[in-house]
Structure formats: C-alpha cells, structure tokens
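Novice: Attaching a single structure in structure tokens format; questions to follow.
The values are calculated or read from the model by the stated rules, or taken from the named source; none is laboratory data. In this text the structure is predicted, and so the values were computed from the model without any measurement. Using ideal geometry, Cβ is built from the backbone for each residue, glycine included, and neighbour counts are taken over all protein chains shown. Side chains included, ligands, DNA and RNA excluded: accessible areas come from the protein's heavy atoms. Shrake-Rupley method; radii C 1.70, N 1.55, O 1.52, S 1.80 Å.
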Amino acid sequence: QVQLVESGGGLAQAGGSLRLSCAGSGRTFFNYAMGWFRQASGKEREFVAAISRSGKNTVYIDSVKGRFTISRDNAKNTVYLQMNSLKPEDTAVYYCAADRNAAWDEVLYEYDYWGQGTQVTVSS
C-alpha cells in the first residue's frame, strides 16, 4: 500500500493562501491518480480536486475553480493543493487520496488509500 502524509495546513485569514502537500511512499507514485477531499465539522466528506497519473488532466468542484490548483511532481512522490482567495467556508480537514485503478490520463472518483488529514482554518 502507498502511505500518504499531508502537511501545510494551518490558520489563514479570508483572502489568504495556503499550500497543502501530500507525500507518498514508494517508487511507483506515478501509478496513482490523486485527489483531495475535505470534511468540515458536522458535514460529510466532499471531493475537492483530482489529478490524473500523468498530471495532464485535473478536475475541481465548482466552488474552488479559479481559487485552488492541484498539481503533482511524480519525481518527488508529492501532490499539492495550492489554495488562494480562501474563504471561511473552506475550513475543514483536508485529506489526500490515491486511486490505483485510473488510466494514465484518467480521473475517477473512487479512491483506495487515504492520508491522515491536515486541518485548514480560515478566519473571517
């Protein structure tokens, strides 16, 4: 199994920025499409963004389009979520996840491995 560790969460003001990182173990990180999810207190986990194994294709929920950017560096076994123009509604625990089934340029929505999560808090 791939092990995933998120970092970069913290406290930001509304309108500010944070960059989350997710480091994966092993030599075959490129075999996994990657996604970011978040779960706010009292709410269900929701999908945020995903990136294909190749890095070519990305998907975002409408509420973060133009504000968040997902990227990956397969040589560093790392996926990133750059979050700009943060809103209090973005406050949540953010999780990265790995999908072992997606094709090279494909983004699916079922994930097999999960990180422990990192807290993002945006003040108003």
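Novice: Evaluate the following for F37: is it in contact (Cβ under 8 Å) with a residue 24 or more places away in the chain, farther than 17 Å from G9 by Cα and surrounded by 13 or more Cβ atoms within 10 Å (Cβ to Cβ)? Outline the logic, then answer.
Specialist: Details: in contact (Cβ under 8 Å) with a residue 24 or more places away in the chain: yes; farther than 17 Å from G9 by Cα: no; surrounded by 13 or more Cβ atoms within 10 Å (Cβ to Cβ): yes.
Judged against the criteria, F37 is not a match.
Novice: Kindly indicate whether any position in segment 102-111 is surrounded by 13 or more Cβ atoms within 10 Å (Cβ to Cβ), under 14 Å from the mean Cα position of the chain (by Cα), of a type outside the set (G, A, S) and assigned to a strand (DSSP E or B).
Specialist: The answer is no; no qualifying residue exists.
Novice: Among the candidates G55, G66, single out the residue that is under 17 Å from N31 (Cα atoms) and without any contact (Cβ under 8 Å) to a residue 40 or more places away in the chain. First the steps, then the outcome.
Specialist: On the way: G66 fails: under 17 Å from N31 (Cα atoms).
Sole residue among the options that is under 17 Å from N31 (Cα atoms) and without any contact (Cβ under 8 Å) to a residue 40 or more places away in the chain: G55.
Novice: Collect the residues in segment 76-101 that are in a strand (DSSP E or B), farther than 18 Å from T58 by Cβ and either of a type in the set (D, E, K, R) or open to solvent by 30 Å² or more (accessible area, probe 1.4 Å) (or both), keeping them in residue-number order.
Specialist: So in segment 76-101, the residues in a strand (DSSP E or B) come out as 78-83, 92-99.
Filter again for farther than 18 Å from T58 by Cβ, leaving 92-93.
Answer for segment 76-101, where residues must be in a strand (DSSP E or B), farther than 18 Å from T58 by Cβ and either of a type in the set (D, E, K, R) or open to solvent by 30 Å² or more (accessible area, probe 1.4 Å) (or both): just V93.
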